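Reading through the structure tokens given below for one structure.
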Amino acid sequence: QAAIAAAVAVVVLALGLGGRALWHRLHPAPAAPTRIAILPFAVHGHADLAYLGEGMASLLATTLDGAGDLRCVDATALFRWLGRESPNAVDPTVGARAAARFGAGLFVLGDLVEVGQRLRLQATLYSHASAPSVVARAAVDGPADSLASLVDDLVRELIAESPSSGRAMAGAAARTTRSVAALKAYLQGEWEGRHGTVAKAAAAFGRATELDSTFALAWYRFAWAGSVA
């Protein structure tokens with residue numbers, strides 16, 4: 001009897017887990033307007049650079065995540081899903097499906113182009129509220145051995161070009177500092193300020209000025225937060 005009960009319990013548990021997985025598959029999480037799915041980049045160049053397709057997406061996600069209210073979909077989970085659902089092609093239609101699957105209101109497609117000893121990175125930010133639509137585009141180029149700094153530049157350009165409401169000064173900020181860490185701290189300060197936590201906003205603006213002492217806009221906002229805290 002005990003063995004039979006245990007077997008039944010295992011079957012019921014398995015069915016429950018399977019049903020839950022099916023439910024999530026058929027009913028994905030609602031899209032969050034500040035959540036971003038960054039898909040593998042298309043790589044055009046030497047075959048040795050193929051690994052940078054997913055590598056670029058991971059780098060971009062790590063760098064962009066936490067810029068104010070922006071949050072990126074977990075890259076490992078996203079790549080695993082793509083491997084099952086669309087292993088051979090990534091385009092705006094696939095991007096919209098991936099974003100919907102992970103509850104993201106935004107997604108990014110990009111290209112990495114090798115020209116001699118230089119790289120050109122291009123990224124397009126899409127919204128998929130109804131159908132995929134372009135929100136912002138960015139492109140940077142530089143020496144092939146400066147990939148990390150190129151990714152930083154690409155992130156700043158994407159933020160600068162995005163017309164997203166609620167981040168009115170984000171574009172100006174992105175153009176007045178070359179430090180992505182300082183920019184992220186600044187955007188965190190703006191987010192805290194919009195939500196009424198002025199003391200936390202002041203701390204975030206302070207971190208931004210420490211990371212980039214020439215960041216004039218961060219100094220201005222730091223002074224504002226200090227005056228109203």
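At 0.36 nm per residue, minus the direct Cα-Cα distance, what do ALA144 and ALA89 gain on full extension? Give it in nm, one decimal, please.
Length difference between fully extended and current span is 17.3 nm.
Heavy-atom accessible area of TYR186 with all protein chains present, probe 1.4 Å, nearest 10 Å²?
0 Å²
Quick check: at a probe of 1.4 Å, how many percent of the accessible area of the range 72-135 sits on carbon and sulfur atoms?
Carbon and sulfur atoms account for 49 percent of the accessible area of the range 72-135.
Using a 1.4 Å probe, what is the accessible area per residue for the range 74-229, in Å²?
48 Å²
What order do SER133, SER179 take when sorted by accessible area (1.4 Å probe), most exposed first?
Solvent-accessible surface, decreasing: SER133, SER179.
Quick check: with the 1.4 Å probe, what order do THR177, THR76, THR34 take by accessible area, largest first?
If we order THR177, THR76, THR34 from most to least accessible, we get THR76, THR34, THR177.
If you take the square roots of the eigenvalues of the alpha-carbon gyration tensor of the range 87-185 and sort them as a ≥ b ≥ c, do you get rounded (a/c under 1.5), prolate (a/b over b/c) or oblate?
It is oblate, given that a/c is not under 1.5 and a/b is not larger than b/c.
With every protein chain left in place, what is the accessible area of PHE41 in Å² (1.4 Å probe, nearest 10)?
Rounded to the nearest 10, the figure is 10 Å².
When only Cα pairs under 8 Å and 6 or more residues apart are kept, what is the percent relative contact order across the range 107-150?
Value for the range 107-150: 34 percent.
Can you give the accessible area of VAL140 in Å² (nearest 10), computed on protein heavy atoms with a 1.4 Å probe?
Ignoring ligands and nucleic acids, VAL140 comes out at about 20 Å².
The values are calculated or read from the model by the stated rules, or taken from the named source; none is laboratory data. Keep in mind that what you see is a predicted model, and the values were worked out from it rather than measured. Side chains included, ligands, DNA and RNA excluded: accessible areas come from the protein's heavy atoms. Shrake-Rupley method; radii C 1.70, N 1.55, O 1.52, S 1.80 Å.
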